[in-house]
Amino acid sequence: MTPATRQEVLGLYRKVLQIAKNWQSASGQIEETMKEKEYIRNEARTLFRKNKNVTDPKLIKQCIEECEARIEIGLHYNIPYPRPIHLPPMGLAHKQGRTLRHQEKLRKISKPIYLKSHDEIS
């Protein structure tokens, strides 16, 4: 990891922690605000520790983009949790064969960047 990339990652981590510190839940309830703050800190801690040994520049760039997307979406919608995606069910494909593999591939490709790591830690 280059020094510039390292500084960018550390800056994102600090930004997430600052957001958690100043977070206010949409409902305004203290209990919910505290729960959401703790979620933001735990999610950041988990994901940054999970990816601390990543050395591939493309993968590092992807992780940075995911972090930036989750920050923007969280601030825009005032929800710290990842936004759900709605993909059509795979009910039309046979249980095996080419069509099922093709649909699984399409579902994997169509997953938004902000959810790439969410399923791995949940």
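With each label point set 7 Å from Cα along the Cα-Cβ vector, what nm distance links K21 and R83?
2.8
Sort H102, H76 by heavy-atom solvent-accessible area, probe 1.4 angstrom, most to least.
H76, H102
The values are calculated or read from the model by the stated rules, or taken from the named source; none is laboratory data. Predicted, not measured: the structure shown is a model, and the values here were computed from it. No Cβ is skipped: glycine too gets one built from the backbone with ideal geometry, and neighbour counts run over all protein chains shown. Calculation scope for accessible area: heavy atoms of the full protein, side chains included, ligands and nucleic acids excluded. Shrake-Rupley method; radii C 1.70, N 1.55, O 1.52, S 1.80 Å.
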